[in-house]
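The values are calculated or read from the model by the stated rules, or taken from the named source; none is laboratory data. Here the structure is a predicted model, which means the values were calculated and not measured. Backbone-built Cβ (ideal geometry, glycine too); neighbour counts: all protein chains shown. Heavy atoms of the whole protein, side chains included, go into the accessibility calculation; ligands, DNA and RNA do not. Shrake-Rupley method; radii C 1.70, N 1.55, O 1.52, S 1.80 Å.
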Amino acid sequence: MFIALTFALFILVNRRLSAELENELVDHQKTEDELRERGESIHAITDSANDAIIMMDNDGNVSYWNPAAEHILGYKSEEVIGLNLHDLLTPERFLPSYHAAYPEFQKTGKGDAIGKTLDLAALRKDGREIDITLSLSAVNIKGAWYAVGIMQDISERKLSHELIRLRLSLFEFAAKHSLGELLQKTLDEVCVLVNSPIGFYHFLEEDQKTLSLQTWSTRTLNEFCKAEGRGMHYGIDQAGVWVDCVRERKAVVHNDYNSLPHRKGLPEGHAAVIRELVVPIMRGGNIVAILGVGNKPTEYTQKDIEIVSYLADVAWEIAERKKAEEERNKYSNDLKERMKELNCLYSVSEIIRREDISREEILKLCPDIISQAYQFPEITACRIIWGDHEYKTENFRTTEWSQRFAIMVHGRQTGSVEVYCLGGKNQESYDDFFLAEERNLLKNIADLLGRSAERIQAEEQIKHMATHDPLTDLPTLRLAKDRLAMAMGMAGRHKQKTAVMFIDLDGFKNVNDTLGHDAGDFLLKTLAQRFHSCIRKTDTIARIGGDEFLLIATELKSPDEAAKIAQKVLKLVSKAAVIEGQKVFVSASIGIAFYPDHHEDINQLIKLADEAMYRVKYSSKNGFAFANQTIK
């Protein structure tokens, strides 16, 4: 009997333990499934990010490398996992600091760079150094400290700022230095920007056949070239292959100079040439000067052409002013006689430089300034034609006695500047009414207006590139924050609301995965165009991530108005897009936060809208929700 009871009790205990074990296994499997789902979500986010996201383990080796890192740095993930991060990316000049600081990070996860965003430089796979911002954080995994870095390539932005800064500094330099010094200074700056040890700047005479040798970069003269030539004139048919830019009338690149069949021998004392980039400077349909650089360690690229072309044009603009200034100094005895012409040019230049005046206002002011510079302003009339518009003096009428010069912008005629003699001096003929200096004045003003337009276009393009997404041409997060700050200020003054809508596309990753990134790009551009149809002129729609957008709705009186806008967005997004004959559908999850109701800080408003969006994303999708409220 005792044995039977013992056996029964053993069976009961065994069954209970088996049941508990089974429950633990089920819970363990559930936990694993949840962790796997979270991991997949995190990977989806990091894989779609525009910023490079990199993780480094406690030994300094790469343990994670997202697609944006592949794009920015040139290495595929499988190439770098397990390799030392700093051996791959860190320029040599930063290595001592890294080696000094890393042991402390390995032990404690602390360091001067942790928790900060720094402007640094990184090496790409092709050996090119790029400017980056790097945000570093530390995470402890199983007792070991790992570093997570979020990296942005800011090379384009820094280059834009550097070109603008350089242009201004060259203008300042020109005020206190000679033309030769100015040209050499320009060459030195260009060579630094495109990493070229040699550089030259030569003029081309009006006959388009004769070169006037001007100057070489400081490094060229000091380290490479001992050939004489400054001030010499000789025909382009005697020059080397670098004058291909004159024959072709465009920038030329010879990345393998020695392989060129038509190359000529170099003069004694000339620097050996490995590769070269040569740019012609055009004015009024003619080539006026040539700027060349050479012997960059790597091949010249399209970006190098753009940089050299821009600075070559700036150099010519400044050189022209400098040459005019030196000419005025040379003929100082004529200064008083030509004062009106100079005042006219100065006035027009000052108007053009002003940042608080529009082009139309400039063109309205110029005719009166120009007519007053002529020897008989009372019988002189002026007209400026720009496109389909005319700007003229009150006394304007056409006569047979006139001067006219075209306004050229990037080699194309955009308009003209015209001056007419109205007669009335009791002369039988006014054929010789205009002085040669007045003719030159009008030509200079026409050229000045053309160059001003070119400069404004270039600067506007640079500014636009710095604040707009290159794919959709929508504002970036930086510009969106600026506009949000202005909208919040306006809302505060007028007791209104401003809505911040965080929009994330549902199903966009599937489009990329099944149809390819070109299809995804086409869809993003299509949606960007649709967004404009559902917002007002005072609203802003910005692209802030791979498939993330930020909509700023202003002048709202109630949340219902924001809800109507969100419903329009949902409707437009869910409309089919036809890609290569195939209908593609996506939807959107939208989170909405209000100023001043939810917060008065820009970043917190965006964060609240982002959190509201994720509530929609993880529940129903294809809907919207207000911050701290239920999904609509």
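How many residues are out of contact with any strand residue (DSSP E or B) (no Cβ under 9 Å at 6 or more places or on another chain) and within 15 Å of LEU136 (Cβ to Cβ) if we restrict to region 54-99?
Counting residues in region 54-99 that are out of contact with any strand residue (DSSP E or B) (no Cβ under 9 Å at 6 or more places or on another chain) and within 15 Å of LEU136 (Cβ to Cβ) gives 2.
If I filter region 135-154 down to residues being among the β-branched types (Val, Ile, Thr) and part of a strand (DSSP E or B), which single residue comes out as least open to solvent (accessible area, probe 1.4 Å)?
Only one residue tops the list, namely VAL148.
Confirm whether ALA122 is open to solvent by less than 30 Å² (accessible area, probe 1.4 Å), in a strand (DSSP E or B) and farther than 22 Å from THR467 by Cβ.
Judged against the criteria, ALA122 is a match.
Look through region 606-629, keep the residues that are open to solvent by 40 Å² or more (accessible area, probe 1.4 Å) and closer than 23 Å to ALA485 by Cα, and return whichever of them is modelled with the lowest pLDDT.
This residue is ASN628.
Looking at the structure I just gave you, is TYR98 in contact with a His (Cβ under 7 Å, 6 or more places away or on another chain) and surrounded by 14 or more Cβ atoms within 10 Å (Cβ to Cβ)?
yes
Looking at region 586-611, which of its residues are of a type outside the set (S, T, N, Q), outside any strand (DSSP E or B) and out of contact with any Gly (no Cβ under 8 Å at 6 or more places or on another chain)?
Residues satisfying the conditions are ASP597, HIS598, HIS599, GLU600, ASP601, ILE602, LEU605, ILE606, LYS607.
Just name the residue that is nearest to SER349 (Cα to Cα) out of those in region 430-457 that are surrounded by fewer than 19 Cβ atoms within 10 Å (Cβ to Cβ) and of a type in the set (A, V, I, L, M).
Among those that are surrounded by fewer than 19 Cβ atoms within 10 Å (Cβ to Cβ) and of a type in the set (A, V, I, L, M), it is ILE456.
Which condition does PRO103 not pass, out of (1) surrounded by 12 or more Cβ atoms within 10 Å (Cβ to Cβ); (2) over 27 Å from GLY74 (Cα atoms), if it passes all the others?
(1)
Looking at region 462-517, which of its residues are of a type in the set (Asp, Glu) and either more than 26 Å from ASP560 (Cα to Cα) or open to solvent by 70 Å² or more (accessible area, probe 1.4 Å) (or both)?
Listed by number, the residues that qualify are ASP469, ASP473, ASP482, ASP513.
For region 262-283, how many residues are open to solvent by 30 Å² or more (accessible area, probe 1.4 Å) and either modelled with pLDDT of 85 or more or touching an Asp or Glu at 6+ places or on another chain (Cβ under 7 Å) (or both)?
4
Could you pull out the residue among LEU523, LEU572, LEU551, LEU556 that is out of contact with any strand residue (DSSP E or B) (no Cβ under 6 Å at 6 or more places or on another chain) and among the hydrophobic types (A, V, I, L, M, F, W, C)? Let's see the steps before the verdict.
Numbers: LEU523 fails: out of contact with any strand residue (DSSP E or B) (no Cβ under 6 Å at 6 or more places or on another chain); LEU551 fails: out of contact with any strand residue (DSSP E or B) (no Cβ under 6 Å at 6 or more places or on another chain); LEU556 fails: out of contact with any strand residue (DSSP E or B) (no Cβ under 6 Å at 6 or more places or on another chain).
Just one listed residue meets the conditions, LEU572.
From GLN238, GLN214, grab the single residue that is at pLDDT below 80 and more than 23 Å from HIS262 (Cβ to Cβ).
Working: GLN238 fails: more than 23 Å from HIS262 (Cβ to Cβ).
Result of the check over GLN238, GLN214: GLN214.
In this structure, does ILE407 turn out to be open to solvent by less than 50 Å² (accessible area, probe 1.4 Å) and in a strand (DSSP E or B)?
It is true that ILE407 is open to solvent by less than 50 Å² (accessible area, probe 1.4 Å) and in a strand (DSSP E or B).
Report every pair of residues separated by at least 6 positions or lying on different chains whose Cβ atoms are under 6 Å apart, first residue within region 185-197 and farther than 18 Å from GLU299 by Cβ and in contact (Cβ under 8 Å) with a residue 40 or more places away in the chain, second hydroxyl-bearing (Ser, Thr, Tyr) and part of a helix (DSSP H, G or I).
none
In region 56-105, what residues are free of Cβ contacts under 8 Å to residues at least 12 places away in the same chain, more than 21 Å from ARG128 (Cβ to Cβ) and either out of contact with any helix residue (DSSP H, G or I) (no Cβ under 9 Å at 6 or more places or on another chain) or among the small types (Gly, Ala, Ser) (or both)?
Correct list: GLU78, PRO96, SER97, ALA100, PRO103, GLU104.
Condition check ((1) farther than 26 Å from SER155 by Cα; (2) of a type in the set (Val, Ile, Thr); (3) in a helix (DSSP H, G or I)) across all residues:
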| site | (1), (2), (3) |
| --- | --- |
| HIS464 | no, no, yes |
| ALA491 | yes, no, yes |
| LEU505 | yes, no, no |
| ALA519 | yes, no, yes |
| LEU527 | yes, no, yes |
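Right, GLY74: surrounded by 13 or more Cβ atoms within 10 Å (Cβ to Cβ) and touching a Lys or Arg at 6+ places or on another chain (Cβ under 8 Å) or not?
Yes, satisfied.
Please enumerate the residues belonging to region 155-177 that are open to solvent by 40 Å² or more (accessible area, probe 1.4 Å) and either among the charged types (D, E, K, R) or assigned to a helix (DSSP H, G or I) (or both).
GLU156, ARG157, LYS158, HIS161, GLU162, ILE164, ARG165, LEU168, PHE171, GLU172, PHE173, LYS176
Within region 571-586, which residues are touching a residue at least 60 places away in the same chain (Cβ under 8 Å) and buried (at least 16 other Cβ atoms within 10 Å of the Cβ)?
Within region 571-586, VAL573, ILE579, VAL584, VAL586 qualify.
Exactly one condition in (1) of a type outside the set (Asp, Glu); (2) in a helix (DSSP H, G or I); (3) modelled with pLDDT of 85 or more; (4) open to solvent by less than 50 Å² (accessible area, probe 1.4 Å) is false for GLY180; which is it?
(3)
Those residues that are touching a strand residue (DSSP E or B) at 6+ places or on another chain (Cβ under 6 Å) and of a type in the set (S, T, N, Q), I need them from region 526-540; list them, please.
Across region 526-540, the qualifying residues are THR526, THR538, THR540.
Give just the number: which of (1) touching a Phe, Trp or Tyr at 6+ places or on another chain (Cβ under 6 Å); (2) basic (Lys, Arg); (3) surrounded by fewer than 17 Cβ atoms within 10 Å (Cβ to Cβ) does ARG543 not satisfy?
Of the numbered conditions (1) touching a Phe, Trp or Tyr at 6+ places or on another chain (Cβ under 6 Å); (2) basic (Lys, Arg); (3) surrounded by fewer than 17 Cβ atoms within 10 Å (Cβ to Cβ), the odd one out for ARG543 is (3).
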